[in-house]
1. Could you pull the accessible area for residue 32 with a 1.4 Å probe, rounded to 10 Å²?
2. Where the only charges are on Cβ atoms (+1 Lys, Arg; -1 Asp, Glu), what is the dipole of the chain about its Cα centre, to the nearest 20 debye?
3. Heavy atoms only, 1.4 Å probe, whole protein assembly: order 84, 1 by accessible area, highest first.
4. Treating only the Cβ of Lys, Arg, Asp and Glu as charged (+1, +1, -1, -1), what charge dipole size does segment 98-212 show about its Cα centre? Round to the nearest 20 debye.
5. Restricting to Cα pairs below 8 Å that are 6+ residues apart, what does the relative contact order work out to for the chain? Please round to a whole percent.
6. Suppose all protein chains stay in the model; what accessible area per residue would a 1.4 Å probe give for the chain, in Å²?
7. Can you put 111, 51, 82 in order of accessible area, largest first, using a 1.4 Å probe?
8. Which ³J(HN,Hα) values, rounded to whole Hz and listed in residue order, are derived for segment 117-133 from phi using the Karplus coefficients 6.51, -1.76 and 1.60 in 6.51 cos²θ - 1.76 cosθ + 1.60 with θ = phi - 60°, glycine and proline given as x?
Amino acid sequence: ISTDALIGSGGQLACLGDDTMAKLNDLLPSHWSHSNPIDILGDATPDTYARSVELAAMDPACHGVLVILTPQSMTDPSKTARGIAEVAKKVGGAKPILASWMGGQGVTEGREILDEAGVVTYDYPDSAAEMFTYMWKYSLNISHLYETPRWCAEMRPDQAVDVIIANAQSEGRTILTELESKQILSAYSIPTVQTVLAMTAEEAVSAAESMV
C-alpha cells in the first residue's frame, strides 16, 4: 500500500546499493525481502529495526526513510521507537525519517517518543509515503522561486544596445520599436526573424531581394 501511494503520487523507491544490501544480508534473517521496501519480518527486535533504518539512511541513493511498525505479540513499540529516535539524532536532519506506528492506543507511548525526537508519525503508512512527494514538490517549488539567471561572462553585447536605449529615452519613448527590440535580442544571441527597416518602396524591394 505504501509503495503504491508513493509511486502514485510521483515518488519512487530508492535502489539500494550493493554495500547496503550486503550489510542487510548480514543483519537480517535469510528470508527477508532482499529488496526495497525492506521487510525485516515480524519478529524483528528493536535493535534490528534501528540498525536497518540506519543502514537505509546511510545509502547514497536514499533520500528519506519511512519506518512502519505493525504490533505483534513479540513487538515492543516503545523500545523500538527509542531506537529509531537515536538513529534520527545520528542522521541529524540530513534525510527525513517518517514513521507509521500502527496500533492505536497500544502504541501511544512509542508515537510520543518519536514525536519528541522530531520524527513525524502517521496513523497509516500510505499517508506517510505521500508526504515524501509533498516535501519533494515543496522543495522544488522553493528552489524555483529563488532561482536567478546565471550571468554568462562571454555574453557581452556591443555598445549598440546602449545606443538604442539611449535614443529611445532621448525621444521620450518608453516602448522600443519592433526593429529595435529585435536588434537588442540579437545582441544577446537570441534568435529572431530577420527584420529590415525600409522607408521607400525601392528600399523594401531591395531588402526583400537580399533575403531571397
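The values are calculated or read from the model by the stated rules, or taken from the named source; none is laboratory data. Just so it is clear, the structure is predicted and the values come from calculations on it, not from any experiment. Here the Cβ positions follow ideal geometry from the backbone for every residue, glycine too, while neighbour counts run over all protein chains shown. Note: areas computed on protein heavy atoms with side chains; ligands, DNA, RNA excluded. Shrake-Rupley method; radii C 1.70, N 1.55, O 1.52, S 1.80 Å.
1. The accessible area comes out at roughly 10 Å².
2. 440 debye
3. The ranking, largest first, comes out as 1, 84.
4. So the magnitude is around 140 debye.
5. 17 percent
6. Counting only protein heavy atoms, the per-residue value for the chain is 65 Å².
7. Largest accessible area first, the residues go 82, 51, 111.
8. Couplings: 8, x, 9, 5, 10, 10, 5, 10, x, 5, 5, 5, 4, 5, 5, 4, 5 Hz.
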